[in-house]
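Engineer: The structure is given below, and queries will be raised subsequently.
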Amino acid sequence: MTVFFSKKEKIGDLLVRRRKLQPNQLERALTHLESVPQGLGEILVSLGFISEEDLIEGLAEQLSLTLYKPQEEDTVLPLTISKIFLRDHPFALIRRAEQNILVCHDPLDGDILSGAEIQLSAPFEIQLALEADVKKMVDEHYDIGLKEMETEKYIIDEADVDKLKDMASEAPVIKYVNNLVDTAVNRRASDIHIESFEGGQLIRFRIDGILHDYEMPPLSMQAAIISRTKLLAALDIAERRIPQDGKISMRTGGKEIDLRVSTMPTVYGEGVVIRILEKGSIILDMSHLGMEAEMEKQFKTLISYPNGIILVTGPTGSGKTTTLYCALNQINTGNNKIITLEDPVEYQLKGINQTQVRPEIGLTFAKGLRSIVRQDPDIIMVGEIRDIDTAEIAVQSSLTGHLVFSTLHTNDALSAVTRLMDIGVENFLISSALRGVLAQRLVRRICPHCRNVQGRIAEHLGSVPEIGDFDMFTGSGCVNCSGSGYSGRIGIYELLTMTDAMCRAVAKRKDLGELKKIAVAEGFREMFYDGLMKIKEGKTTLAEVIRVSRGVTNAAL
């Protein structure tokens with residue numbers, strides 16, 4: 001018996017009409033068809049745009065089929081067919097009264113239809129069920145050890161690229177990766193770490209800056225999980241000798257998210273880090289950064305200057321990019337031209353020209369900055385000053401009428417000045433171009449649902465000048481914060497403004513100790529002081545402030 005289906009409507013259009021899928025999601029999935037060995041329905045499920053239930057219901061309507069619902073009178077018919085065939089093309093044959101039913105999840109699989117015709121030699125009706133339900137029926141009624149065979153299927157030589165691609169497209173792997181991302185988003189993780197060790201893979205989530213163990217995936221799926229991630233990020237799954245970077249856009253839990261994927265070869269396999277960026281989640285309002293009112297006022301004054309350089313310093317993951325985005329958003333009035341050069345472009349900002357550096361094709365920060373100044377910008381943001389070329393171009397740009405924002409990896413604000421000197425920038429150029437330096441760290445916020453008094457600050461630090469003694473708070477741990485006592489993060493800052501006295505000291509190439517004395521005399525306060533104010537306000541704990549500011553200052557420790 002040959003089965004013909006009349007497709008009245010394409011499955012993508014049908015799902016859009018049923019409001020299970022957004023038109024832009026369909027367009028995005030269609031772009032994957034040429035590069036991913038899957039059908040459109042599988043791609044939509046793997047990207048998290050629709051559920052498998054949505055797909056099955058859509059196929060049923062498209063092909064005028066019904067969904068299988070077990071009944072007491074159903075009898076499962078025996079099969080005489082290869083176990084390997086049934087593993088790769090699972091189906092079940094049911095007798096209900098005088099009716100024969102073929103239960104499968106993919107009615108367009110010609111091998112399933114042919115196998116059913118050979119087994120039955122009689123007319124049958126096709127009914128649809130979820131793939132997991134079909135496989136469960138096969139395992140329960142045909143005794144082929146499907147679960148064991150699934151495990152064997154995944155334990156293969158990683159050098160077999162074709163098998164890796166097939167594994168990465170299998171439903172169990174797709175579901176695992178989708179659930180992994182969904183869980184990470186729900187737990188407010190910023191990164192997913194997939195690490196390879198001698199005993200297997202370890203998966204960890206970075207939540208509020210701290211790594212938390214998730215679970216060790218089944219040994220049978222570990223190679224496939226990495227391959228699936230690389231496939232979605234359009235990376236070369238056969239290349240495991242060099243690092244690779246890619247991007248995935250998907251929808252999960254009603255949220256549009258971007259995933260930045262980075263792979264790195266290690267002794268026991270590849271390590272993968274997935275950075276989670278939720279579209280629309282970033283709040284570009286400086287009032288949300290957590291700066292003290294006077295400091296925020298000073299910083300807004302700095303970014304209102306028509307020219308000069310403003311630096312933001314701190315380690316990776318300290319929120320420097322968010323601070324710069326807030327600053328750009330503050331001064332993006334529509335009557336000025338703003339161009340950025342980033343690595344990577346984390347969030348797209350309306351009304352701002354953003355460019356991503358591409359070192360592999362020669363588009364470095366220095367080369368990109370040379371081109372940017374010929375685009376007649378008013379304001380420039382350079383993701384990072386790494387070398388003398390970038391530093392000198394940034395300085396020259398600021399001296400020729402541009403306002404330049406950038407970052408440096410230094411421990412504190414004052415060290416940014418000496419770092420520029422160490423890079424090779426002349427001290428008289430620094431004193432002329434630099435307007436100010438903001439140093440920052442992120443501390444975890446106390447969970448508001450389980451916050452309670454911990455004690456007095458004087459019990460730990462004695463009397464704190466200018467602040468006095470006050471109550472400290474901590475989080476005892478509850479279901480809202482997963483027992484950690486913390487929920488979310490807030491910044492602690494120190495702001496160095498280049499006063500006349502500071503400019504003269506830099507021009508004379510004073511050492512760091514002398515610069516600090518002058519800065520303090522001009523009203524500069526170290527980051528630890530801002531941390532103490534956050535403790536006094538009940539926003540964070542002393543342990544957190546000490547954890548992130550240790551090495552920045554020892555004045556109060």
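Engineer: With the full set of protein chains in place, find how many percent of the accessible area of the chain is carbon and sulfur; take the probe as 1.4 Å. Each step should come with its number before you reach the end.
Structural biologist: On the way: 12740 of 26360 Å².
Result for the chain: 48 percent of the exposed heavy-atom area is carbon or sulfur.
Engineer: Charges at C-beta only: +1 for Lys and Arg, -1 for Asp and Glu. How large is the resulting dipole of segment 211-314 about its Cα centre, in Debye rounded to 20? Spell out each step's value before the answer.
Structural biologist: Numbers: 12 positive and 13 negative charges, 72 e Å.
For segment 211-314, the charge dipole is close to 340 debye.
Engineer: Right, next: In segment 200-264, if every C-alpha pair distance is counted and binned at 10 Å from zero, what percent goes to each bin?
Structural biologist: 18, 42, 38, 2
Engineer: Students often get this wrong, so check it: of LYS20/LYS135; LYS83/LYS135; LYS247/LYS300; LYS135/LYS230, which have C-alpha atoms separated by over 22 Å? Write down the numbers at each step before the final one.
Structural biologist: Values: LYS20/LYS135 25 Å; LYS83/LYS135 12 Å; LYS247/LYS300 34 Å; LYS135/LYS230 27 Å.
As for pairs spanning more than 22 Å Cα to Cα, those are LYS20/LYS135; LYS247/LYS300; LYS135/LYS230.
Engineer: Under 1.5 on a/c is rounded, so check that first for segment 413-557, then, if it is not, pick prolate when a/b is larger than b/c and oblate when it is not; a ≥ b ≥ c are the square roots of the alpha carbon gyration tensor eigenvalues. All intermediate terms of the calculation are to be shown ahead of the outcome.
Structural biologist: Numbers: a/c = 3.40, a/b = 2.20, b/c = 1.55.
Since a/c reaches 1.5 and a/b is larger than b/c, the shape of segment 413-557 is classed as prolate.
Engineer: In addition: Probe of 1.4 angstrom, ligands and nucleic acids ignored: what's the accessible area per residue over the chain, in square angstrom?
Structural biologist: On the way: 26360 Å² over 557 residues.
With all protein chains present, the chain gives 47 Å² per residue.
Engineer: Another question, if that's okay. Can you tell me, using C-alpha contacts under 8 Å and at least 6 residues apart, the relative contact order of the chain as a whole percent? Could you put the intermediate results ahead of the total?
Structural biologist: Working: 939 pairs, mean separation 47.9, N = 557.
This gives 9 percent for the chain.
Engineer: Please label the shape of segment 262-304 as rounded, prolate or oblate, based on the square roots a ≥ b ≥ c of the eigenvalues of the alpha-carbon gyration tensor (a/c under 1.5 means rounded; beyond that, a/b larger than b/c means prolate, else oblate).
Structural biologist: Values: a/c = 4.41, a/b = 2.85, b/c = 1.55.
Note, shape of segment 262-304 comes out prolate.
Engineer: Let me ask you something else. GLU9 versus GLU466, label points 7 Å from Cα toward the beta carbon: distance in nm?
Structural biologist: Between GLU9 and GLU466, the simple spin-label model gives 6.7 nm.
Engineer: Return the Cα extents of segment 347-420 along principal axes one, two and three, sorted largest first, each rounded to a whole Å.
Structural biologist: Here the spans come out as 32, 31, 24 Å, largest first.
Engineer: Quick one: putting +1 on the C-beta of Lys and Arg, -1 on the C-beta of Asp and Glu, what dipole do you get for the chain around its Cα centre, in Debye to the nearest 20?
Structural biologist: Details: 64 positive and 78 negative charges, 450 e Å.
Approximately 2160 debye in magnitude.
Engineer: For segment 421-467, what is the largest minus smallest coordinate of the Cα atoms on each principal axis, given in angstrom and ordered from greatest to least?
Structural biologist: 51, 28, 18
Engineer: Could you order LYS367, LYS516 so the one with the most accessible surface comes first? Probe is 1.4 Å.
Structural biologist: Working: LYS367 115, LYS516 85 Å².
Ranked list, largest accessible area first: LYS367, LYS516.
Engineer: Is any helix in the chain, taking whole DSSP H runs, at least 18 angstrom long along its axis by alpha carbon and on average at least 0.0 on the Kyte-Doolittle scale, and which ones?
Structural biologist: Working: long enough: 171-186 (22 Å, 0.45).
The answer, listed by residue number, is 171-186.
Engineer: What's the extension gain from GLU98 to LEU284 if we count 0.36 nm per residue and subtract their Cα-Cα distance? Could you put the intermediate results ahead of the total?
Structural biologist: On the way: separation 186, 0.36 × 186 = 66.96 nm, distance 6.62 nm.
Taking GLU98 through LEU284 to full extension adds about 60.3 nm, to one decimal.
Engineer: Something else about it: For Cα extents along the principal axes in Å, several values are listed as [x] 92, 66, 49; [y] 86, 72, 67; [z] 96, 58, 45; flag the one computed from this structure.
Structural biologist: Label [z] holds the value from this structure.
Engineer: Compute the distance in nm between two label points, each set 7 Å from the Cα along the Cα-to-Cβ direction, one at LYS247 and one at LEU77.
Structural biologist: Placing both labels 7 Å beyond Cα along the Cβ direction yields 5.2 nm.
Engineer: Another question about this same structure. Taking 7 Å along the Cα-to-C-beta vector as the label spot, tell me the ASN336-ALA234 distance in nanometres, rounded to one decimal.
Structural biologist: 3.4 nm
Engineer: As an exercise, find the ratio Rg/Rh for segment 229-287 from alpha-carbon atoms, using the Kirkwood inverse-distance average for Rh. Let's see the in-between values first.
Structural biologist: Values: Rg = 14.3 Å, Rh = 12.9 Å.
My calculation of the ratio gives 1.11.
Engineer: A further question follows. SER487 accessible area, nearest 10 Å², 1.4 Å probe?
Structural biologist: 40 Å²
The values are calculated or read from the model by the stated rules, or taken from the named source; none is laboratory data. Just so it is clear, the structure is predicted and the values come from calculations on it, not from any experiment. Cβ: placed from backbone, ideal geometry, glycine included. Neighbour counts: every protein chain shown. The protein model used for the area step is the full one, side chains on, heavy atoms only, and it has no ligands, DNA or RNA in it. Shrake-Rupley method; radii C 1.70, N 1.55, O 1.52, S 1.80 Å.
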